[in-house]
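Peer 1: The structure's right below; bear with me while I get my questions together.
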Amino acid sequence: MKRTLGTCYYPEHWPRDVWASDAQRMVEAGLTWVRIGEFAWSRLEPAQGAYDFAWLDEAIAILGEAGLKVVLGTPTATPPRWMIDRHLDMLAVDAQGNPRKFGSRRHYCFSHEGYKQDCAQIVTKLAERYGRNPHVAAWQTDNEYGCHDTTLSYSDMARHAFQNWLRTKYSGLGNDGDIDALNAAWGNVFWSMDYSDFDQIDLPNLTVTEPNPSHVLDFRRFSSDQVVTFNKLQVDIIRAHSDAPVAHNYMGRITDFDHFDVGDDLDIASWDSYPLGFLEDRIEADAGYKRAYARQGDPDFQAFHHDLYRAVGKERWWVMEQQPGPVNWAPYNPEPLPGMVRLWTWEAFAHGAEAVCYFRWRQAPMAQEQMHAGMLRPDSAPAPALGEAEQVFRELAEAPDVTPYQAEVALIFDYEADWAWSIQPHGTGASYFDLVFDTYRGLRGLGLSVDILRPDADVSGYKVIAGPGLMHMSAAQKAALANSEAQVILGPRSASRDENMRIPVPLPPALEGFDAVVSRVESLRPDMPIALSQGGAITRYRDVMEGGAEVVENTLDGQAAVLMSDRMTYVAGWLDAKAMQRVLRRVCDQAGVETQVLPEGIRCRRTGRELFWFNHTTEVVDVAGLILDPTSVKRIPRG
C-alpha cells in the first residue's frame with residue numbers, strides 16, 4: 001500500500017470561485033485525499049425533507065477532476081437546528097442531569113430512535129447519490145465519537161434503552177428478562193438494592209453516594225453498544241450503495257466506548273492526531289516535562305495511538321486529522337517547532353499508516369475554530385505546514401510502500417478494563433490508560449517496536465506479551481497467555497474482578513501454574529512511594545502477595561514486589577519509570593529480545609523494510625552510531 005497525503009476541506013465555508021484554485025494547489029502540494037462534508041448537514045438539508053445537493057455535486061466534481069480522491073463524511077455529528085425542534089428530547093443529558101444545548105456539535109443522544117431514523121435518511125440520500133461516484137473513494141461515518149464527553153447520556157431515552165438492554169442480557173428461559181439473575185449478578189442484596197422489575201432500574205447517576213459498580217459497568221457496556229449500533233446503521237447503508245472503504249476518525253485518549261467493536265464494522269480505522277494539544281490536555285506529567293516538549297509533543301503519545309488504531313483497523317489505518325500548527329482548544333496552544341509536522345507525518349507512516357491528512361486546508365476566519373491553524377492562512381497565503389507537507393511528498397517518491405511487520409513485543413489494551421478502573425480507581429489518579437501508557441513508554445524507551453492487541457487477539461508469534469491492569473481476564477484469555485510461547489508480564493490488579501465486577505474466589509490472579517494470590521491491596525498517596533531494593537519504587541497502587549512463586553524483586557522492607565513462575569511475571573504494584581525499565585528489560589532478556597536504553601526523547605520504529613529514528617528533542621543526539629539532528633527523522637533501509 002502506497003503512503004499518501006491529504007487534507008480536510010470545507011467547500012461550504014468558501015466562495016465557489018476559489019474551489020478550483022484550492023483543488024489545484026492541493027494537487028501541486030502532493031495531496032491525494034480531501035475529506036469533505038462531515039459537518040454540512042444544514043447545507044445538505046436546510047429544512048426537513050428539502051435537500052440541496054447541487055453545491056456538493058459541484059464540489060466533488062471540481063476536486064475529483066483536479067485529480068483528488070474524496071473522503072465523504074456523513075454529517076450526523078452536527079444535526080441542524082430544525083432537528084432539535086423536531087425531536088425536543090434528542091439532546092444528550094450529562095451526569096448532573098443537565099441537557100446539552102444546541103450551538104456547537106455532537107449534541108445528540110445515541111439512544112434516540114427518532115434521531116437515528118433521521119440519520120439513516122440523510123446517509124441513505126448521500127449513499128444513493130454518491131455511492132458510485134468515481135471521485136468518492138472513501139467514506140467517514142460521523143465525526144469523533146465520544147469527543148466532548150458525549151458517549152454517556154443520562155436521558156430518558158437512554159434509561160428506557162438501558163432497561164431493554166438489561167432485559168436481553170439477563171434473559172431467562174423466556175424473552176422478558178430474569179430480574180433475579182440481574183440482582184444476583186450485581187449483588188443487590190447489599191444495601192437493599194434489589195429490583196422486582198427491569199422498569200425500576202434507573203441510570204447510575206445522581207445517587208447519594210457512589211452507585212453499585214456492577215450497575216455502572218453494565219451501563220458502560222450498554223453505552224458502548226449504543227455507539228456500535230449507531231455506527232453500524234450508517235455503515236450498512238453505505239455498503240448497500242458503495243464499494244469504497246468506510247472509516248471513522250477516533251480521538252486520542254477517548255475510552256468511553258470499545259473502539260475494537262466499532263472497528264469490526266469498518267474497513268479503516270483513522271484517528272485525529274494533535275500532539276501539542278494532547279500534551280497539555282490529556283497527558284499526566286509535571287510542568288517541566290510539558291515545558292520541554294511543548295513544541296514537539298510527547299515522544300510516545302502519538303505512537304501509542306498509531307499502534308492502537310492499527311489494531312482497531314486490522315492493519316488498515318490513517319491519520320484523518322494531523323495537527324498542522326497551533327490548535328484552539330488546549331490549555332496552552334504553542335506553535336510546533338520547524339520540522340515537527342514532517343516528523344509527525346513520518347512517525348505515522350513508520351507505524352503503518354496508509355494516509356496522513358492535515359486539518360485543515362485553510363484556517364477558518366469565523367466561529368469556534370478561528371484560532372486553529374491550517375495549511376493556509378485565512379488570507380490563503382501558505383502557513384508553515386504546507387512547506388513541510390510538500391517536503392514529505394517529495395520524500396515519499398523514494399520511500400517503499402507500507403509493509404506489514406509483526407513486532408516481537410505485544411501490549412494488550414482492554415476498553416472494559418479502562419471502564420472498570422474508572423468505576424473503582426481506589427485512589428486518585430489511578431487510571432488504567434496511564435498504567436498501560438507507562439508500560440508502553442517503558443518498552444519504547446528500550447528501543448522496542450510494540451504491537452497493541454485487543455483482549456481476544458491471537459497472541460502467537462510474540463516473544464513478550466504485556467497485559468498490565470486487566471481487571472477481568474476470561475478463562476480463555478488466561479489459557480491463551482499460559483499456552484503461548486511468550487514471556488508474559490501482568491499486574492497490578494490483573495484478574496481482580498469477574499465479569500460482574502465482583503472479587504473472584506479463588507483470589508486473583510488465579511493463573512495456571514502461578515503460586516501466588518493477592519491477599520490485600522492499597523492505594524498510595526503521591527508522597528508515599530514504596531522503595532524497591534533494586535532501585536525505583538512502587539507508586540499509586542500495590543497488591544500485597546502471598547504464595548510460593550519466586551520473588552525476583554522486593555520492597556526495601558522485604559515484601560514481594562515482582563514475582564515469577566515459569567514464563568509468567570506478576571508485578572505487584574504500579575512501578576515508577578526507573579523500576580519499570582528494569583523489570584521490562586529483565587523480561588525481554590528472558591525472552592531473548594534485544595533491548596537498548598535510549599536517550600531521553602529518542603525513539604525508533606521498525607517496519608518490514610525500514611528502521612526509523614526520531615529525535616523529539618532540541619539537541620543533536622548520538623545514538624546507535626547515528627547523529628540525529630534536533631526534531632528530525634532518519635530512515636534506514638532494512639534488508
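FYI, it's all coordinate maths here, none of it is from the lab. None of the values given here were measured: they were computed from a predicted structure. All Cβ positions, even for glycine, are placed from backbone atoms using ideal geometry, and neighbour counts span all protein chains on display.
Peer 1: Have a look at the DSSP beta bridges in the chain and tell me what percent are antiparallel, nearest 5.
Peer 2: 45
Peer 1: Here's another thing I want to ask about it. What does the convex hull of the Cα atoms of the chain come to per residue, in Å³, rounded to a whole number?
Peer 2: 161
Peer 1: For the pairs LYS2/LYS314; LYS169/LYS232; LYS69/LYS116, note any where the Cα-Cα span goes beyond 22 Å.
Peer 2: Over 22 Å Cα-Cα: LYS69/LYS116.
Peer 1: Check which residues have an amide H placed less than 5 Å from ARG35's amide H, if you skip close sequence neighbours.
Peer 2: Residues meeting the amide H criterion: THR7, CYS8, TYR9, VAL71.
Peer 1: How large is the charge dipole for the stretch 76-243, taken about the Cα centre, if only the Cβ atoms of Lys, Arg (+1) and Asp, Glu (-1) carry charge, to the nearest 20 debye?
Peer 2: Roughly 880 debye, rounded to the nearest 20.
Peer 1: Could you give the length gained on full extension between ARG638 and ARG394, defined as 0.36 nm per residue of separation minus the Cα-Cα distance, in nm?
Peer 2: Gain in length upon complete extension: 85.8 nm.
Peer 1: Let me ask another. Can you give the charge dipole size of the stretch 461-566 about its Cα centre, rounded to the nearest 20 debye, using +1 on the beta carbon of Lys and Arg and -1 on the beta carbon of Asp and Glu?
Peer 2: For the stretch 461-566, the charge dipole is close to 380 debye.
Peer 1: Then there's this: To make sure I understand, if each residue's beta carbon is the centre and we count other beta carbons within 10 Å, what order do VAL312, VAL544, VAL517, VAL216 fall in, fewest to most?
Peer 2: VAL544, VAL517, VAL216, VAL312
Peer 1: Counting other C-beta atoms within 10 Å, which of THR78, THR255 has the fewest, and how do the rest follow?
Peer 2: The order, fewest Cβ neighbours first, is THR78, THR255.
Peer 1: Under a Cβ-only charge scheme (Lys and Arg +1, Asp and Glu -1), can you give me the dipole magnitude of the chain about the Cα centre, in debye to the nearest 20?
Peer 2: Dipole of the chain, to the nearest 20 debye: 1200 debye.
Peer 1: If you average the alpha carbon positions of the stretch 564-639 and of the stretch 122-162, how far apart do those two centres end up, in angstrom?
Peer 2: 39
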